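*Asks:* Just passing along the structure, written as structure tokens.
The values are calculated or read from the model by the stated rules, or taken from the named source; none is laboratory data. What you are looking at is a predicted structure, and each value in this text was computed from that prediction instead of being measured. Don't worry about glycine lacking a Cβ; one is built from the backbone with ideal geometry, like all the others, and counts go over all protein chains shown. For the accessible areas, the whole protein counts, side chains as well, though only heavy atoms, and no ligand, DNA or RNA atoms are used. Shrake-Rupley method; radii C 1.70, N 1.55, O 1.52, S 1.80 Å.
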Amino acid sequence: MCGICGVIHFDGKPVSRALLTGMNERLAHRGPDGAGYFSDGNIGLAMRRLKIIDIAGSDQPLSSEDGSVVLIFNGEIYNYRALRRQLMGRGHRFKTDGDGETIAHLYEDHGPDALKHLRGMFALALWDGRRRRLLLARDRFGQKPLYYYANNKVFAFASEIKALLAHPAIPRVSRFEGDDRRALAAYLSFGYVPAPQTAFAGIHMLQPASALHVEPSGATREQRYWDLPPLAPPEPAAKAATYVGDLREQLAEAVKLRLISDVPLGAFLSGGLDSSLIVALMRRGSNSAIKTFSIGFAGDETFDESLYAEKVARHLETEHSTFRVEPEALSLLSDLVRHHDQPFADSSAIPTYLVSKLTREQVTVALTGDGGDELFAGYERFYAVDLMRKLQFMPGPFLRGAAELLRRLPEGTGYYDPIKRARRFARAASQGLADAYFDLVRIFDATLLADICPKADPTQPTMNAYMNPGQTQPVAELVQANMRSYLPDDLLIKADRCSMAASLETRAPFLDHELAESAAIIPFNLKLKGSRSKHILKEAAQGLLPPEIIDRKKHGFGVPLGAWLRRDMAPMRELLLSRRARERGLLEISAVERLIAEHEAGARDHNRQLWALLTLEEWHRQFVDG
């Protein structure tokens with residue numbers, strides 16, 4: 001695991017070592033074990049390394065036999081041993097025993113099509129010295145990040161935006177300023193800035209499963225090399241038994257590939273189905289002790305899953321560590337914003353960051369259950385939308401009236417607060433399915449958005465850009481839209497930033513693209529079977545996990561932020577209602593004051609909205625004001 005960065009000066013100006021060093025040092029947390037550099041006139045590459053495989057060798061940059069192809073990359077190639085054997089059979093000579101060198105030799109044989117042969121997670125930069133071309137690429141799901149800035153004089157890229165900002169030619173300009181409030185509306189709705197845009201004007205994120213070709217002239221061309229296969233529609237006669245054996249075998253293989261490591265390895269264990277199943281398969285695929293890690297939270301027991309994690313750990317006989325966290329949110333705000341480089345409203349970054357830091361004290365690599373909900377329709381919102389589809393005969397005014405009545409009732413801050421859930425369901429159900437789904441996941445709904453950001457178009461943004469019209473089953477279409485939006489832009493960003501802040505590598509077996517392609521052909525009614533989400537995965541877990549874990553109600557990974565914030569609202573007021581925040585002119589301050597007052601009084605639980613505003617203001621202070 002590493003951090004990478006680089007620069008091309010199109011005016012021919014040499015790239016200085018000092019410039020590369022300045023950018024590279026911003027990525028030291030991603031690779032504390034060493035640094036590497038390459039320069040060739042007007043191009044320079046740099047990287048920081050976290051040693052996982054071939055510790056003694058594989059220092060980057062890596063190159064082809066004649067040195068014409070130079071590679072830096074961040075990630076792991078899990079099928080590198082098979083690729084290495086094939087390449088050696090074709091006459092290639094290897095200098096290292098690691099996974100990265102296979103990419104350079106594959107490029108010699110296949111050019112950019114080499115990407116199609118890689119099974120893993122990666123962000124890479126490959127310099128073709130003969131053609132003076134740069135190739136950037138990301139893995140299929142976007143597990144590893146890559147950002148870039150381009151104009152007619154300079155092209156720069158990096159694993160994190162903070163490294164780009166070390167280049168003096170790259171400005172720190174907020175996309176939220178000015179009269180165009182589409183970016184602000186998108187952030188307040190999604191809770192993140194949807195890729196390829198970022199919070200910085202002029203800085204873009206390379207999309208997952210994409211390659212960016214940079215020509216000597218400075219021209220750039222982005223090209224996709226893989227796409228999500230359409231999900232199979234429901235088949236009423238389909239039986240789970242037809243698919244369970246293959247599914248378990250493929251998932252076991254995906255886990256086994258991710259056990260390759262020359263450093264201590266463990267797993268996050270929440271006590272939910274996905275992480276528990278990964279650990280069960282780790283146990284089957286390894287003779288050594290398995291270290292597992294979970295985290296519990298004080299302040300609201302409805303958010304604490306640590307007892308379930310401990311039950312799974314006892315069942316699987318792992319070496320388990322449980323960390324218990326006392327209320328802290330605003331104390332972590334500065335660190336989280338600094339590591340994300342952008343405003344990021346997903347408060348589950350708090351436990352992810354904390355468990356990563358504590359896990360890193362014992363291991364360097366941790367497997368996760370990320371991706372299980374995406375492949376097998378595990379989120380409750382998928383069942384909710386399916387239920388709405390069946391209730392479409394109910395008149396919209398009735399549902400909106402019910403939502404308004406529920407709005408007048410006080411909301412609790414518990415994970416399963418019934419008033420909050422019922423109100424959100426009734427409001428969403430009065431809309432079309434795509435809008436209903438978006439209403440279930442968005443931070444600021446259309447009404448709140450219009451109140452707090454009057455210049456924003458309340459009908460924007462939407463999920464339309466993520467929809468696949470070729471998908472015939474409407475709920476399956478929303479599952480895929482989730483995989484194109486929330487998965488890469490929220491879940492995987494959070495996993496990468498929080499783990500790499502601790503110099504911890506995380507691996508997600510569910511995000512193996514071969515597993516995903518096989519899962520896509522399973523009839524959709526075997527994933528969402530009535531009210532039972534992840535039906536086929538639960539069948540595959542039979543005999544591996546206790547029934548009470550397999551059939552547990554879905555529980556997201558979060559913290560009792562609402563309760564924590566109510567303990568002391570003064571720091572929030574100081575930040576959101578400060579003179580600096582008012583002068584920024586982005587938000588309607590009276591609407592911010594109302595959100596704070598309603599949350600403090602217990603009338604509404606606005607923890608998601610308030611956290612979004614806190615990270616927005618803190619980001620401006622760290623990255624723009626200074």
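*Asks:* Compute the accessible area per residue over the chain, keeping the other protein chains in place, probe 1.4 Å, unit Å².
*Replies:* That works out to 37 Å² per residue.
*Asks:* Still on this structure: Which listed residue (Q207, T359, S294) has the Cα farthest towards the positive end of the charge dipole for the chain, taking +1 on Lys and Arg C-beta and -1 on Asp and Glu C-beta about the Cα centre?
*Replies:* It is Q207, whose Cα lies furthest towards the positive end.
*Asks:* Just subtract the alpha-carbon distance of S348 and S68 from 0.36 nm times their residue separation and send over the number in nm, one decimal.
*Replies:* Numbers: separation 280, 0.36 × 280 = 100.80 nm, distance 4.41 nm.
The S348-S68 span can extend by a further 96.4 nm.
*Asks:* OK, next. Can you send over the solvent-accessible area of R172, 1.4 Å probe, protein chains only, in Å² to the nearest 10?
*Replies:* Roughly 100 Å² of R172 is accessible to a 1.4 Å probe.
*Asks:* Moving on. Taking the convex hull of the alpha carbon atoms in segment 36-135, what volume per residue do you get, in Å³?
*Replies:* Values: hull volume 9.3 nm³, N = 100.
Convex hull volume per residue, Cα atoms: 93 Å³.
*Asks:* Another question, if that's okay. Would you calculate the separation in nanometres between label points at A237 and T447, each defined as 7 Å from the Cα along the Cα-to-beta-carbon direction?
*Replies:* Taking the simple label geometry, A237 and T447 are separated by 4.9 nm.
*Asks:* Another question, then. When you take every Cα atom in segment 1-47, what is the radius of gyration, and what is Dmax, the widest Cα pair distance, in Å?
*Replies:* 10.7, 34
*Asks:* Please give the contour-minus-distance gain from D33 to D335: 0.36 nm per residue of separation, less the Cα-Cα distance, rounded to one decimal in nm. Please report the intermediate quantities before stating the final value.
*Replies:* Values: separation 302, 0.36 × 302 = 108.72 nm, distance 2.19 nm.
Value of the extension gain: 106.5 nm.
*Asks:* Could you give the semi-axes, largest first, of the ellipsoid that matches the chain, computed as the square roots of 5 times the alpha carbon gyration tensor eigenvalues and rounded to whole Å?
*Replies:* Working: eigenvalues 282, 191, 110 Å².
Square roots of five times the eigenvalues give 38, 31, 23 Å.
*Asks:* While we're here: For F344, F94, give the ranking by accessible area with the largest first, probe 1.4 Å.
*Replies:* Numbers: F344 15, F94 40 Å².
Output order, biggest surface exposure first: F94, F344.
*Asks:* While we're looking at this one, here's another question. Give the long-range amide H neighbours of M121: residues separated by 5 or more places, or on another chain, with amide H under 5 Å away, using H modelled in the peptide plane at 1.01 Å from N.
*Replies:* Amide H neighbours of M121: E76, Y78.
*Asks:* How big is the dipole moment of segment 36-84 about its Cα centre under a simple scheme where the beta carbon of each Lys and Arg is +1, that of each Asp and Glu is -1, and everything else is neutral? Debye, nearest 20, please.
*Replies:* Numbers: 5 positive and 6 negative charges, 52 e Å.
Dipole magnitude for segment 36-84 comes out near 260 debye.
*Asks:* In terms of modelled amide H atoms, which long-range or inter-chain residues lie less than 5 Å from the amide H of Q60?
*Replies:* none
*Asks:* Keeping all protein chains in place and using 1.4 angstrom, which order do D335, D373, D551 fall into by accessible surface area, from largest down?
*Replies:* Details: D335 45, D373 10, D551 90 Å².
Most to least solvent-accessible, the answer reads D551, D335, D373.
*Asks:* Here is a follow-up. Sum up the charges of everything whose Cβ sits under 14 Å from the Cβ of D227, counting Lys and Arg as +1 and Asp and Glu as -1, but leave D227 out.
*Replies:* Working: positive: K116, R138, R140, R224, R484; negative: D139, E222, E517.
So the surrounding residues net to +2.
*Asks:* How large is the charge dipole for segment 503-625, taken about the Cα centre, if only the Cβ atoms of Lys, Arg (+1) and Asp, Glu (-1) carry charge, to the nearest 20 debye? Spell out each step's value before the answer.
*Replies:* Working: 20 positive and 18 negative charges, 77 e Å.
Here the size comes out at about 380 debye.
*Asks:* Taking a ≥ b ≥ c as the square roots of the Cα gyration tensor eigenvalues, with a/c under 1.5 meaning rounded and otherwise prolate when a/b beats b/c, else oblate, which class fits segment 337-379?
*Replies:* Numbers: a/c = 2.55, a/b = 1.14, b/c = 2.23.
Oblate, because a/c is 1.5 or more while a/b does not exceed b/c.
*Asks:* Let me ask another. Mind checking segment 25-129 for GluC sites (Glu not before Pro) that DSSP puts in a loop (not H, G, I, E or B) and that have at most 14 other Cβ atoms within 10 Å? Walk me through the numbers on the way to the answer.
*Replies:* Numbers: sites: E25, E65, E76, E101, E108; in loops: E65.
Those that pass, being in a loop and sparsely packed, are E65.
*Asks:* Given 0.36 nm per residue, what is the gain on full extension from D625 to F94 after removing their alpha carbon distance, in nm? Don't jump to the answer; show the numbers that get you there.
*Replies:* On the way: separation 531, 0.36 × 531 = 191.16 nm, distance 4.87 nm.
Length difference between fully extended and current span is 186.3 nm.
*Asks:* Hey, another quick one. For the full complex of protein chains and a 1.4 angstrom probe, list Y147, Y308, Y466, Y37 by accessible area with the highest value first. Don't skip to the end; give the middle numbers.
*Replies:* Details: Y147 5, Y308 95, Y466 30, Y37 60 Å².
So, going from the largest accessible area down, we get Y308, Y37, Y466, Y147.
*Asks:* Per the 1.4 Å probe, what fraction of the accessible area of the chain, in percent, lies on carbon and sulfur atoms? Let's see the in-between values first.
*Replies:* On the way: 11650 of 23260 Å².
Its accessible area is 50 percent carbon and sulfur atoms.
*Asks:* Another question, if that's okay. Can you give the charge dipole size of the chain about its Cα centre, rounded to the nearest 20 debye, using +1 on the beta carbon of Lys and Arg and -1 on the beta carbon of Asp and Glu?
*Replies:* Numbers: 79 positive and 78 negative charges, 73 e Å.
For the chain, the charge dipole is close to 360 debye.
*Asks:* Just grab the label-to-label distance for K390 and A169, each label 7 Å out from Cα along the Cβ direction, in nm (one decimal).
*Replies:* If labels sit at K390 and A169, their model points lie 5.9 nm apart.
*Asks:* While we're looking at this one, here's another question. Just how many % of Cα pairs in segment 101-168 lie over 13 Å apart, if you round to the nearest whole percent? The partial results should precede the final answer.
*Replies:* On the way: 1560 of 2278 pairs.
When every Cα pair of segment 101-168 is considered, 68 percent fall beyond 13 Å.
*Asks:* With an 8 Å cut-off on Cα pairs and a minimum separation of 6 or more residues, tell me the relative contact order of the chain in percent.
*Replies:* Working: 1210 pairs, mean separation 103.1, N = 626.
This gives 16 percent for the chain.
*Asks:* Rounded to two decimals, what is the ratio between the C-alpha radius of gyration of segment 37-82 and 2.2 N^0.38 Å? Walk me through the numbers on the way to the answer.
*Replies:* Numbers: Rg = 11.9 Å, N = 46, 2.2 N^0.38 = 9.4 Å.
In units of the globular-protein estimate, segment 37-82 measures up at 1.27.
*Asks:* Continuing with this model, one more query. Once Lys and Arg get +1 and Asp and Glu get -1 on their Cβ, which of P216, M463, I43 lies farthest toward the positive end of the dipole of the chain?
*Replies:* With unit charges placed on the Cβ atoms, the residue in question is M463.
*Asks:* Another one. For segment 458-514, with equal point scatterers placed on the C-alpha atoms only and solvent neglected, what are the log10 I(q)/I(0) values from the Debye formula at q = 0.16, 0.17, 0.23 1/Å, to two decimals?
*Replies:* The calculated log intensity ratios at q = 0.16, 0.17, 0.23 Å⁻¹ are -0.65, -0.71, -0.96.
*Asks:* Further question: Any number yet on Rg/Rh for segment 196-322, C-alpha, Kirkwood? Each step should come with its number before you reach the end.
*Replies:* Values: Rg = 21.2 Å, Rh = 18.9 Å.
Using only Cα positions, Rg/Rh for segment 196-322 is 1.12.
*Asks:* Another question about this same structure. Per 5 Å bin, what percent of the C-alpha pairs of segment 436-534 does each bin hold, from zero upward?
*Replies:* Per 5 Å bin, starting at zero, the Cα-Cα P(r) for segment 436-534 comes out as 2, 10, 15, 18, 18, 15, 11, 8, 3, 0 percent.
*Asks:* For D109 and E25, what is the calculated FRET efficiency with R₀ set at 35 Å and r taken between the beta-carbons, to the nearest 0.05? Walk me through the intermediate numbers first.
*Replies:* Numbers: r = 35 Å, r/R0 = 1.01.
The pair D109/E25 has a calculated efficiency of 0.50.
*Asks:* Next up: M88 accessible area, nearest 10 Å², 1.4 Å probe?
*Replies:* 100
*Asks:* Shifting gears a bit: Relative contact order for segment 485-626: what percent, with Cα pairs under 8 Å and sequence separation of 6 or more? Intermediate results must be reported in sequence, preceding the final value.
*Replies:* Numbers: 53 pairs, mean separation 18.4, N = 142.
In percent, rounded to a whole number, it is 13.
*Asks:* Compute the distance in nm between two label points, each set 7 Å from the Cα along the Cα-to-Cβ direction, one at K153 and one at L577.
*Replies:* So the label points at K153 and L577 sit 4.5 nm apart.
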